[in-house]
Amino acid sequence: MEISFKGKRILVTGAGQGIGRGIAIELWRAGANIVALSRTRSHLESLQSEYPSIEIVSVDIGDWAQTRQLVESLGQFDALVNNAAVACCEPFLQSTSANFNRTFDVNVKAVLNISQVVAKKMVENNIHGTIVNISSQASKAALQDHAIYSASKAALDALTRSMALELGPHGIRVNSVNPTVIMTEMAKVGWSDPVKAKEMLSKIPLRRFGEVSEVVNAVVFLLSEKSSMINGVELPIDGGFLAT
């Protein structure tokens, strides 16, 4: 299946490393003009050193006003990937107000903020665009020490459905993907230990964690016209975790 984004302008948040970086690169390879957004400038500069035509912008998306001003200044887009997120993992009884606020500011409010700006310009310019939100299997199943993170991703799924409902009449599709543990460099630190990984892997029928490319490929499909009738879905990329 050949997918091209030639002539399309796409904003990818959290594009400095991990899944976001993989998405930005694959969309660039498919011909898109990419704007990569991240809080960490050095990660963006590393990406741009490899792919000089990728435009980079740095902002802490937890700052509503600053982020809105920046995204407004970037002009119009044909597609958006809301990938940036934070994960504050702690036991429920020890969860703090500060971590709750930070997590929801980045994982939910920032998606609302950025998507409002991008979608409004899509509507104004009659662009039948696409938006993909990166959620998690944690929105669907309880995971130890993930109370705040899980709540934020469940809220993101609900936001995705509402966006799909209200933006659909404008020809704008909105979907989410819900991955299990994905073996980014950061994840390898926490999940390469067979003892720690054993319980989680036992719940995944494929008996392995996901790779970045497996999330990237799903996102690329959902952004493309190959998925033109798919709207408002939450697509698990979990090897069957949620089927058990």
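The values are calculated or read from the model by the stated rules, or taken from the named source; none is laboratory data. The structure displayed is predicted, hence computed values, not measured ones. Cβ placement follows ideal geometry from the backbone for every residue including glycine, while neighbour counts extend to all protein chains displayed.
Asp60 meets each of the listed conditions (1) loosely packed, with under 15 Cβ neighbours inside 10 Å; (2) more than 21 Å from Gly7 (Cβ to Cβ); (3) over 18 Å from the mean Cα position of the chain (by Cα); (4) free of Cβ contacts under 8 Å to residues at least 40 places away in the same chain apart from (3).
Restricting Leu74, Leu93, Leu112 to residues that are out of contact with any Gly (no Cβ under 7 Å at 6 or more places or on another chain), modelled with pLDDT of 95 or more, under 22 Å from Gln17 (Cβ atoms) and surrounded by fewer than 20 Cβ atoms within 10 Å (Cβ to Cβ) narrows the list to Leu74.
Scanning the range 9-31 for residues that are crowded, with 24+ Cβ neighbours inside 10 Å, out of contact with any helix residue (DSSP H, G or I) (no Cβ under 6 Å at 6 or more places or on another chain) and farther than 14 Å from Ser46 by Cβ yields Leu11, Thr13, Leu27. Hey, can you tell me all the residues within the range 76-100 that are within 20 Å of Asp60 (Cα to Cα), β-branched (Val, Ile, Thr) and in contact with a strand residue (DSSP E or B) (Cβ under 8 Å, 6 or more places away or on another chain)? Within the range 76-100, Val81 is the sole residue that qualifies.
Whether a residue is in contact with a helix residue (DSSP H, G or I) (Cβ under 9 Å, 6 or more places away or on another chain), at pLDDT 95 or above and either crowded, with 18+ Cβ neighbours inside 10 Å or acidic (Asp, Glu) (or both) was assessed, and Val132 passes this test.
Does Val123 fit the bill of being over 25 Å from Leu93 (Cβ atoms) and in contact with a Phe, Trp or Tyr (Cβ under 6 Å, 6 or more places away or on another chain)? So Val123 fails the test. Is it true that Ala87 is farther than 21 Å from Leu167 by Cβ, in contact with a Phe, Trp or Tyr (Cβ under 6 Å, 6 or more places away or on another chain) and surrounded by fewer than 20 Cβ atoms within 10 Å (Cβ to Cβ)? Yes: the conditions hold for Ala87. Within the option set Ser202, Ser176, Ser213, Ser192, being under 17 Å from Val132 (Cβ atoms) and out of contact with any strand residue (DSSP E or B) (no Cβ under 7 Å at 6 or more places or on another chain) holds for one residue only, Ser213.
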